[in-house]
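See structure below.
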Amino acid sequence: MKQQVSMEQEAVVKNNKFFNKIKKNSRVFLKDNLGILIALFALCTFLSINPSTSNSFLASKNIFNVLRQISTNLYLACGMTMVIILGGIDLSVGSIIALSGCISAGCVARYNLPLPVALLIGISIGLMIGMLNGTIVAKTTIPPFIVTLATMNIVKGLAYVYTGGSPVRVVTKEWQFLGAGYIGPIPTPVIILIAVLIVTAILMNKTKFGRHMYAVGGNQQAAQFSGINVAKVKFWVHAYSGLMAGLAGVVLASRMYSGQPTAGDGAEMDAIAAVVVGGTSMAGGYGKIGGTIIGALIIGVLNNGLNLMNVNSFWQYVVKGSVILLAVYIDYIRNKKKK
């Protein structure tokens, strides 16, 4: 009897610790992201009460469409967050989307390979390009901006060479399920996204690799003196970014029913915007995946709202560029205060 009571008391203590930890993490999350949460709430409120968008924005079909679009951006943003925490940037992810999507679609349409094999090949292409970026960044002193700018052009060219500039169409239902299907009421890309976010959060917050990543981003020289393998950290961070871009490529190709060499144009800008708006420091050393999620939601809702209001696409670039500039300026002010 005493043993049973003791076990019950132990279970209660464990539950209390668990809920206290959740409360503490929630308070920290709100404190770190209060500004961008208010901005997201204000944006959603405006679109909900605006006569020209209220009916369309609140429709369940539109909400699911926004979530599907945000999913692709967040795949990229997960990898981009880690790259920017290192103080770098990855401009090649948009081109990786194009090449991985085209080759994956080609494996099905041209070579009749099984769907899982085709998807694995597409994702692996992203991983290999990320590993190439990581090798160059880790083994040389060439800035990541220059390295990924070069691979961006190379990979984009390879996508056009492979397709001849024409889409590679795949119309089977199995192919469309990954990007355009549903599991219950939830879009398939959102289910995949949940798994990606969990893996990314664990990597960043619960592993030695994550601690080393923050240390290298905060002070590379100090990290090196403390015994951290800086080159290894840089390599795997860029490899992970490439892997996420490859995943985004096959999901987007599935959603568009084809691999297109123009897919992913400007995707790197949306990913960078989500990361920066989410509070990750461009100077490196600081960033949270929770902030990136909110940043991606802001960018996704902003894109959707501008489309619903029939804002000219040229002006949409101006608006998004202004949002990025404002976020970078806020980051500059924050770093200045810290110094």
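The values are calculated or read from the model by the stated rules, or taken from the named source; none is laboratory data. Please read all numbers here as calculations on a predicted model, not as lab measurements. Cβ: placed from backbone, ideal geometry, glycine included. Neighbour counts: every protein chain shown. What goes into the accessible areas is simple: the full protein's heavy atoms, side chains included, and nothing from ligands, DNA or RNA. Shrake-Rupley method; radii C 1.70, N 1.55, O 1.52, S 1.80 Å.
What the table below lists for this structure:
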| item | result |
| --- | --- |
| Index of the failed condition, Asn62 passing every other in (1) of a type in the set (S, T, N, Q); (2) at pLDDT below 90; (3) under 24 Å from Leu193 (Cα atoms); (4) open to solvent by less than 60 Å² (accessible area, probe 1.4 Å) | (2) |
| Long-range neighbours under 7 Å by Cβ, at least six apart or interchain, first residue within 19 Å of Leu247 (Cα to Cα) within the range 199-214, second open to solvent by 50 Å² or more (accessible area, probe 1.4 Å) | Leu203/Phe209 |
| Any hit, the range 280-292, residues being part of a helix (DSSP H, G or I), of a type in the set (A, V, I, L, M, F, W, C) and open to solvent by 70 Å² or more (accessible area, probe 1.4 Å) | no |
| Cβ pairs under 8 Å, 6+ apart, first in the range 230-249 and within 13 Å of Gly79 (Cβ to Cβ) and among the hydroxyl-bearing types (Ser, Thr, Tyr), second open to solvent by less than 10 Å² (accessible area, probe 1.4 Å) and outside any helix (DSSP H, G or I) | Ser241/Asp90 |
| Residue in the range 164-176 that is among the charged types (D, E, K, R) and either closer than 20 Å to Trp236 by Cα or buried (at least 17 other Cβ atoms within 10 Å of the Cβ) (or both) present | no |
| Wholly within the range 191-277, helices (runs of 4 or more DSSP H) carrying at least 2 residues that are surrounded by fewer than 21 Cβ atoms within 10 Å (Cβ to Cβ) and of a type outside the set (Ser, Thr, Tyr) | 208-218, 220-225, 230-255 |
| Restricting the range 54-92 to residues that are free of Cβ contacts under 8 Å to residues at least 12 places away in the same chain and either assigned to a loop (DSSP other than H, G, I, E, B) or among the β-branched types (Val, Ile, Thr) (or both), the residue that is nearest to Leu149 (Cα to Cα) | Ile63 |
| Of all residues making up the range 304-332, the number that are open to solvent by less than 30 Å² (accessible area, probe 1.4 Å) and either closer than 13 Å to Gly278 by Cβ or in contact with an Asp or Glu (Cβ under 8 Å, 6 or more places away or on another chain) (or both) | 2 |
| Residue that is of a type in the set (Ser, Thr, Tyr) and modelled with pLDDT under 95, where the choices are Tyr182, Tyr240, Tyr214, Tyr162 | Tyr182 |
| Which numbered condition Leu91 fails, given (1) more than 17 Å from Ala239 (Cβ to Cβ); (2) hydrophobic (A, V, I, L, M, F, W, C); (3) open to solvent by 10 Å² or more (accessible area, probe 1.4 Å); (4) at pLDDT 95 or above | (1) |
| Any hit, the range 99-112, residues being open to solvent by 10 Å² or more (accessible area, probe 1.4 Å), not in a helix (DSSP H, G or I) and not polar (S, T, N, Q) | yes |
| Sole residue being open to solvent by 60 Å² or more (accessible area, probe 1.4 Å) and part of a helix (DSSP H, G or I), chosen from Pro51, Pro116 | Pro116 |
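Matching residues to (1) closer than 17 Å to Ser258 by Cα; (2) under 18 Å from the mean Cα position of the chain (by Cα); (3) touching a residue at least 60 places away in the same chain (Cβ under 8 Å):
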{"position": "Pro114", "(1), (2), (3)": "yes, no, no"}
{"position": "Ser124", "(1), (2), (3)": "no, yes, yes"}
{"position": "Leu127", "(1), (2), (3)": "no, yes, yes"}
{"position": "Met131", "(1), (2), (3)": "no, yes, yes"}
{"position": "Lys139", "(1), (2), (3)": "no, no, yes"}
{"position": "Val147", "(1), (2), (3)": "no, no, no"}
{"position": "Ala150", "(1), (2), (3)": "no, no, no"}
{"position": "Ile154", "(1), (2), (3)": "no, no, no"}
{"position": "Gly157", "(1), (2), (3)": "no, no, no"}
